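The values are calculated or read from the model by the stated rules, or taken from the named source; none is laboratory data. As the structure is a computational prediction, the values presented were derived from the model and not from experiment. Cβ: placed from backbone, ideal geometry, glycine included. Neighbour counts: every protein chain shown. Quick note on the areas: whole protein, heavy atoms, side chains included, nothing else; ligands and nucleic acids left out. Shrake-Rupley method; radii C 1.70, N 1.55, O 1.52, S 1.80 Å.
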Amino acid sequence: MTEQTSPTLPVVRLIPKAEARAIRHGFPWVYANELVTDRRTRNLTPGTIAQLEDANRTPMGIVTVNPASKIICRMLDQDPEAVIDQAWFAARLTRALAHRARLYAEPYYRLVHAEADGLPGVIIDRFGDLAVVQPNAAWADMLIGPLVAALQDVTGVTTVIMNGTGRARTLEGLDEKTDMLAGDTPAGPVPVLMNGAVYMADVMGGQKTGLFFDQRPNHAFVAGLSKGARVLDVFSHVGGFGLAALAADAASVLAVDGSAPALELAAQGAAHMGVSDRFVTRKGDAFDVLAALAEEGETFDVVICDPPAFAPSKPSLDAGLRAYERIARLAAPLVADGGYLTLCSCSHAADLTKFRNASARGIGRGGRRGQIIHTGFAGPDHPLLPHLAESGYLKALTFRL
């Protein structure tokens, strides 16, 4: 299935001041102020495949163009003769699959991590013979047909769900929608085994793709601290840290989240594991629940706070850092002496140093002192593109207080 042939592609060109060398060396984006945006370019349909040239009219590769986005071009292939069709998708997916198959014995992982896997704006999480695709860029929306056909051919998945929700699609000017692209609608949540725990992934209506594979190594590290421990898992979603701790013989887990459906899925996971007697949930605003637990005189051996992105963009950075500091201030007094506090951030805009400093300030303001014993990141199925800091979004700090 061929969607385009190189000779018919429109051409877009960098302005003389653009940093062409960075793009040649692997930076995958062209910003709107780096491109000649004449009327012809501005009138291109979002998602159009084009050939990129430098200011001297030397071809640089095949890009996708979205005149409505600040990221006006995303590099697809540095070969100016590349054809973006089903075979091209299959080659990218085969390369991505080879890496995951080496990492994991069972097919439960992030298969495609956007730019880092050569598919800009595309997220694919795999749950056995089911895959959830997030086409967060206009080009992927347009070419979803050959993408899904290649995905089925390469991996053998029979069910493919499109999760077209979230902030990234809004920035691209795309509608939000969830759709079945192949196979039958799942009858219910999909059980996923990780770190000895069972997680129930709501692949149709849950957050993102239904489960966060990125925290897998951090779940495992905290679980290693949790044998015999009283554990508090705040922003627990479907039980991420808490269920892993129970699999590692934690004495008890209190899971806190603002979503009743997420807590119900966490409880189902605990039931699958046969540990419901050691698992308790509490629905409520995390800040309020942390304050209430302090008033109740509660303490825990291990406390984890894994909030949503408080600083998803640069304009929200200052407010986000204050929120991370506040979480640390409220959580620190709940940790027993000699216990452990794990604080996480999935904010692109808050780099490790800023997040670490905000966490340390919060712990200090909470009347405690801590030593960092572990710094964690996303798992190896979430590769980091070295040219693109945004692909290394997840940070997890574990303090001993």
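Let me spell it out: the conditions are (1) of a type in the set (D, E, K, R); (2) open to solvent by less than 20 Å² (accessible area, probe 1.4 Å); (3) farther than 30 Å from residue 16 by Cβ, and residue 110 meets all of them except one. Which number is the exception?
Residue 110 satisfies all of (1) of a type in the set (D, E, K, R); (2) open to solvent by less than 20 Å² (accessible area, probe 1.4 Å); (3) farther than 30 Å from residue 16 by Cβ except (2).
Here is a yes/no grid of residues against (1) in contact with a helix residue (DSSP H, G or I) (Cβ under 7 Å, 6 or more places away or on another chain); (2) touching a residue at least 60 places away in the same chain (Cβ under 8 Å); (3) farther than 25 Å from residue 109 by Cβ:
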| site | (1), (2), (3) |
| --- | --- |
| 339 | no, yes, yes |
| 347 | yes, no, no |
| 353 | no, no, yes |
| 365 | yes, no, yes |
| 378 | yes, yes, no |
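Which condition breaks for residue 176 when tested against (1) surrounded by 20 or more Cβ atoms within 10 Å (Cβ to Cβ); (2) in contact with a Lys or Arg (Cβ under 7 Å, 6 or more places away or on another chain)?
Evaluating residue 176 over (1) surrounded by 20 or more Cβ atoms within 10 Å (Cβ to Cβ); (2) in contact with a Lys or Arg (Cβ under 7 Å, 6 or more places away or on another chain) leaves (1) as the failure.
For residues in region 124-134 being modelled with pLDDT of 95 or more and of a type outside the set (Gly, Ala, Ser), which is surrounded by the most Cβ atoms within 10 Å (Cβ to Cβ)?
The residue in question is 125.
In region 168-195, how many residues are part of a helix (DSSP H, G or I) and of a type in the set (Val, Ile, Thr)?
Count: 1.
So, residue 342, is that one under 19 Å from the mean Cα position of the chain (by Cα), of a type outside the set (Lys, Arg) and farther than 30 Å from residue 26 by Cβ or not?
Yes.
Give 251, 245, 270, 255 a once-over and let me know the one that is open to solvent by 10 Å² or more (accessible area, probe 1.4 Å) and within 26 Å of residue 192 (Cβ to Cβ).
The unique qualifying residue is 251.
May I ask you to say which residue of 378, 350 is open to solvent by less than 10 Å² (accessible area, probe 1.4 Å) and outside any strand (DSSP E or B)?
Residue meeting the stated conditions: 350.
Being open to solvent by 10 Å² or more (accessible area, probe 1.4 Å) and on the phi > 0 side of the Ramachandran plot is the filter here, so list the residues in region 189-213 that pass it.
The answer is 195, 196, 208.
Under 7 Å between Cβ atoms, which residue pairs at least 6 apart in sequence (or on different chains) link something in region 79-104 that is within 22 Å of residue 50 (Cβ to Cβ) with a partner that is of a type in the set (A, V, I, L, M) and open to solvent by 70 Å² or more (accessible area, probe 1.4 Å)?
Listed by first residue and then by second, the contacts come to 85/1; 86/1.
Which residues, taken from region 135-168, are of a type outside the set (A, V, I, L, M), closer than 27 Å to residue 199 by Cα and either open to solvent by 50 Å² or more (accessible area, probe 1.4 Å) or touching an Asp or Glu at 6+ places or on another chain (Cβ under 8 Å) (or both)?
Result: 135, 136, 152, 156, 158, 159, 164, 165, 166, 167.
Filter region 196-209 down to residues that are assigned to a loop (DSSP other than H, G, I, E, B) and of a type in the set (A, V, I, L, M) and give me whichever is farthest from the chain's Cα centre (by Cα).
Filtering first and then ranking leaves 204.
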